[in-house]
Amino acid sequence: MNRWALIPSCQGRLAACYNNSISRNHYLGKDADSIFKEKVDSLDSLYRDSKWKVGELNYYIHSHSVQDIGYNSICAYTQHELELRDSAKKLIDSLKHVQKKGHFKLKRSISYQAYYRDENGKWKSQACKLIKAKNGETVQESHTFQLSSETTPEGVKAISPQLAVSLATAHGVTLRRSIDYTLLPDSLGYYRGTTDSIYQPNGHGCWQGYDGTYYEGYWKNGKREGFGFSIAPKKPLRIGEWKNDRYKGERLVYTSERIYGIDLSKYQHGKGRKKYAINWNRLRITHLGRLSKKTVSGTVNFPIRFIYVKSTEGKSLLNPYYKKDYRDAKAHGYKVGTYHFFTTITPAAEQARHFLKHSIIRKGDFPPVLDVEPLPSQIKKMGGSGVLFARIRTWLRIVERATGVKPILYISQTFVNRYLTRAPDLKHNYQVWIARYGEYKPDIRLVYWQLCPDGRVAGIHGEVDINVFNGYDDAFQSFVKNKTVK
């Protein structure tokens with residue numbers, strides 16, 4: 001607007017309505033120190049959440065490779081989360097350094113931006129300042145501003161101050177960008193991606209919750225459907241198949257690049273009177289069982305990299321083939337470990353001593369394994385899950401002290417879901433070997449996965465348990481170097 005009615009005197013001035021009561025009262029009644037503490041605490045929470053998520057993401061990257069579906073998406077999101085974590089940490093350190101210098105004062109600082117269309121009709125913006133009221137320049141709720149350039153923009157025509165004030169107070173409008181229908185916010189977060197005709201998430205998209213929850217993947221009718229991954233503070237990374245908004249699991253593609261193993265007991269030598277020897281020179285996995293659907297790349301003719309052999313059960317039972325199988329496996333170059341089958345009717349200490357007395361534990365061997373497969377009725381009869389976990393801890397401690405390596409806990413996915421939450425120390429301090437015979441990988445951090453009990457191995461008569469190591473060769477070599485018996 002012109003400064004004077006009859007003379008071109010705009011100099012970048014404009015009239016606009018401005019209600020600053022909301023921003024002016026935002027920190028009303030608060031002192032600077034308490035506000036500062038709130039900001040530091042908020043950043044600290046953001047940093048801890050991001051640190052947790054980075055740990056989950058790095059665990060995935062360590063145990064997967066580029067051939068796994070979703071690997072590149074996880075790597076890209078990990079880089080984003082690393083930048084967020086590091087940025088939060090730098091801000092926290094800077095604020096805490098400033099905090100040591102003394103108390104703070106609140107200072108209100110406001111900046112303004114003017115938007116207008118240029119001579120081509122395109123939106124432009126420029127910083128401006130609020131001019132103090134002089135001789136009628138402030139009328140009712142209208143205020144006078146001036147562009148930082150103090151010139152009238154090209155393509156803009158100035159009008160009289162009276163008309164400008166009248167238009168600002170009576171016909172003022174708020175500038176709004178055109179609606180982006182790929183961005184759908186609500187009270188919990190926002191979705192960005194493709195939608196259907198009624199703007200429900202459909203196809204590929206990302207959900208970012210205000211609580212730090214993140215999902216990226218496919219949607220159908222507003223629900224997660226198909227492949228995707230989800231991560232949230234204090235919750236595990238979930239990557240794989242989703243159906244009707246529920247996570248089903250990660251479906252592996254079985255290739256020759258994966259690390260396979262088997263476990264042996266007396267049953268691999270026959271049942272009844274008929275006995276069979278193992279032909280160690282022929283060992284190759286030829287079938288992954290029929291209990292569940294599996295996705296295989298190429299032909300199932302996979303090499304075996306590690307073998308576990310059952311040694312003992314309870315406090316008195318022995319596997320008569322243990323020592324020969326152990327020595328033959330070592331002689332043929334396999335990584336070998338020994339396991340004990342736990343029973344609920346004998347003391348854990350006696351079982352541990354029985355295992356140590358009759359087992360071979362040598363340098364370079366894989367960690368001993370405690371095989372825990374009790375029925376719910378057996379757990380109830382022994383006094384409940386608390387008694388069971390106390391006995392498991394006893395066995396693990398005795399064997400760890402004797403061998404110098406943490407044993408591995410063999411349990412089923414059902415046992416994990418039903419009982420393991422009651423023993424968080426075991427879940428977090430011990431590696432687990434999970435038996436799950438469905439099409440999806442177990443939903444827990446693990447070292448081995450027993451994917452079927454009815455596999456076939458050339459050189460062994462009958463059915464064989466087939467296992468897969470959670471990772472590829474680099475992770476396997478790291479495990480061999482750092483987790484085996486010293």
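Coordinate-derived values only; no laboratory data. Owing to the predicted nature of the structure, the values given are computational and were not obtained by experimental measurement. Cβ atoms come from the backbone with ideal geometry, glycine included; neighbour counts cover every protein chain shown.
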Is the stretch 194-243 rounded, prolate or oblate when judged by the Cα gyration tensor, a ≥ b ≥ c being the square roots of its eigenvalues, rounded requiring a/c under 1.5 and prolate requiring a/b larger than b/c?
oblate
Least to most buried among TRP207, TRP280, TRP242, by other C-beta atoms within 10 Å and fewest first, runs TRP280, TRP207, TRP242
Bins of 5 Å, starting at 0 and running to the largest distance - Cα pair percent for the stretch 254-482:
1, 6, 14, 19, 20, 18, 12, 7, 2, 0
Largest to smallest principal axis extent of the C-alpha atoms in the chain, angstrom
117, 53, 40
Sorted peptide list for 478-484, 430-436, criterion being average Cβ within 10 angstrom, highest first
430-436, 478-484
How big is the antiparallel share of DSSP beta bridges in the stretch 254-393, given as a percent to the nearest 5?
15
Take the alpha carbon atoms of the stretch 447-469, find their center, do the same for the stretch 285-307, and report the distance between the two centers in whole angstrom.
8
Go through the stretch 77-82 residue by residue and turn each phi into a ³J(HN,Hα) via Karplus (6.51, -1.76, 1.60, θ = phi - 60°); whole Hz please, and just put x for glycine and proline.
5, 4, 4, 4, 5, 4
Among beta bridges assigned by DSSP with both residues in the stretch 385-486, the antiparallel ones amount in percent, to the nearest 5, to 40
Ordered by packing density, taken as the mean number of other Cβ atoms within 10 Å over each peptide's residues, highest first, how do 192-200, 348-356 rank?
348-356, 192-200
With θ taken as phi - 60° and the coefficients 6.51, -1.76 and 1.60, list the Karplus ³J(HN,Hα) couplings across the stretch 308-314 in order, rounded to whole Hz; mark glycine and proline as x.
9, 10, 6, 9, 9, 9, x
Would you please give the residues with an amide H less than 5 Å from that of THR343, counting only those at least 5 places away or on a separate chain, with H modeled from the backbone geometry?
GLY314
Distance from the stretch 78-117 to the stretch 250-281 (C-alpha centre basis), Å:
59
Using the Cα atoms of the stretch 362-406 to build a convex hull, what is its mean projected area in square nanometres?
3.4
One would report the antiparallel percent of DSSP beta bridges in the chain, rounded to the nearest 5, as 70
Is the stretch 24-99 best put as rounded, prolate or oblate by its Cα gyration tensor, with a ≥ b ≥ c the root eigenvalues, rounded for a/c under 1.5, and otherwise prolate when a/b is larger than b/c, oblate when not?
prolate
Taking only the Cα positions of the stretch 37-155, the convex hull volume per residue in Å³ is 235
Check the straight Cα-Cα distances from LYS220 and name the aspartates and glutamates below 16 Å, setting aside those fewer than 8 residues away within the same chain.
ASP196, GLU241, ASP245
Sorted peptide list for 335-346, 85-96, 465-476, 43-54, criterion being average Cβ within 10 angstrom, highest first
335-346, 465-476, 43-54, 85-96
In whole angstrom, note down how far apart the Cα centers of the stretch 196-212 and the stretch 5-75 are.
21
Below 8 Å, C-alpha to C-alpha, sequence gap of six or more: please give me the relative contact order for the chain in percent.
13
List the GluC sites (Glu not before Pro) in the stretch 208-269 that DSSP assigns to loop (not H, G, I, E or B) and whose Cβ has at most 16 other Cβ atoms within 10 Å. Which are they?
GLU257
Residues other than ASP93 with Cβ under 12 Å of its Cβ, Lys/Arg counted +1 and Asp/Glu -1, net out at +2
For the chain, what does -39500 (n - 2.57) per DSSP helix run (n ≥ 4), summed and divided by total residues, give at 222 nm, in deg cm²/dmol to the nearest 500?
-9500 deg cm²/dmol
